[in-house]
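> One structure, pasted below without further comment.
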Amino acid sequence: MPARARPTSPHLEIYRWQIGNSLSILHRITGALLALGLIALCYWWVALAGGPDSYATAGAVFGNPLGLLVLIGWTFAFLFHLLNGVRHLFWDAGRGFERGQRHASGWAAVIGAAVLTLGAWLWIWRHLS
Amino acid sequence: MSLRSPLGKVLGMGSAKDGTGHWWAQRVTAVALVPLTLWFVLSLLTLPGLDYDTVRAWASLTRTGFLCSLLVAVLAYHSYLGTSVIVEDYVPSAGPKIIWLLLLRFAYVLSGGACIFAILRVAFGYGAA
């Protein structure tokens with residue numbers, strides 16, 4: 001029997017890409033990356049508890065160019081997940097659903113995270129390196 | 001006539017076999033993580049340096065040991081809730097899904113437990129000074 005063209009539900013590719021779905025996906029991606037960051041945090045604490053030698057090893061793991069790049073990525077992931085998480089909590093409280101509010105809070109979360117990441121690393125560069 | 005069993009009717013949870021516990025736990029831990037993570041990041045950034053002696057002195061403070069233990073416990077729980085949803089969404093068949101969820105649980109308890117043990121070890125003054 002020949003296959004009949006059944007009606008299908010609209011799938012991902014027919015929707016226009018926009019800020020709402022982009023940030024939803026980014027929230028999940030940053031969450032997954034932060035799960036890996038938690039393992040790094042655990043390693044850092046175990047290294048600190050181990051004494052000066054293991055702490056120096058951790059410093060070498062995080063302090064090289066690649067390690068710093070990953071740390072900067074985790075900083076953005078943390079700040080975006082934090083800001084977008086607060087956005088979600090407002091929605092859970094029933095607020096901020098209007099079109100303009102959704103777009104403004106979305107852009108605020110992603111731009112705010114980028115600006116704060118830059119600020120944090122300028123601070124680290126000026127005061128802690 | 002209802003086709004639902006008396007037990008199913010009483011529990012009222014439908015085919016998901018789960019209530020809103022996961023959703024609530026995710027939100028409550030999210031709210032708790034706002035002050036905990038901000039405190040952790042800001043207290044590290046305002047240290048005079050990130051060398052071993054400075055960080056170890058900060059880590060030996062009572063409030064550091066207490067708040068960092070709470071932070072890691074809540075963070076691991078929140079992260080487990082989030083990553084388990086990712087597994088549930090993208091691993092379609094039941095067998096691998098259960099194995100993945102169990103592996104996640106073991107990984108979080110192992111890394112979180114090791115981290116809290118390290119935090120307490122420093123807080124109680126064990127290991128190299």
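Each reported figure results from applying straightforward, stated rules to the coordinates on display, with no laboratory input. These numbers come from a predicted model, not from an experiment. FYI the Cβ positions are ideal-geometry reconstructions off the backbone, even for glycines, and counts take in every protein chain you see.
> Among what's in the range A:83-108 and is more than 14 Å from every other protein chain (Cβ to nearest Cβ) and closer than 22 Å to B:Gln26 by Cα, pick the residue that is nearest to the chain's Cα centre (by Cα).
A:Gly106
> So which of B:Leu102, B:Leu81, B:Leu50 is of a type in the set (A, V, I, L, M) and within 30 Å of A:His127 (Cα to Cα)?
Details: B:Leu102 fails: within 30 Å of A:His127 (Cα to Cα); B:Leu81 fails: within 30 Å of A:His127 (Cα to Cα).
The match here is B:Leu50.
> Moving to a separate point now. Please find, within the range A:1-27, the residue that is surrounded by the fewest Cβ atoms within 10 Å (Cβ to Cβ) out of those that are of a type in the set (A, V, I, L, M) and in a loop (DSSP other than H, G, I, E, B).
Filtering the range A:1-27 for residues that are of a type in the set (A, V, I, L, M) and in a loop (DSSP other than H, G, I, E, B), the one surrounded by the fewest Cβ atoms within 10 Å (Cβ to Cβ) comes out as A:Met1.
> Given the conditions (1) closer than 30 Å to A:Ala93 by Cα; (2) more than 7 Å from chain A (Cβ to nearest Cβ); (3) without any contact (Cβ under 8 Å) to a residue 24 or more places away in the chain, report the number of the one that B:Ile86 does not fulfil.
(2)
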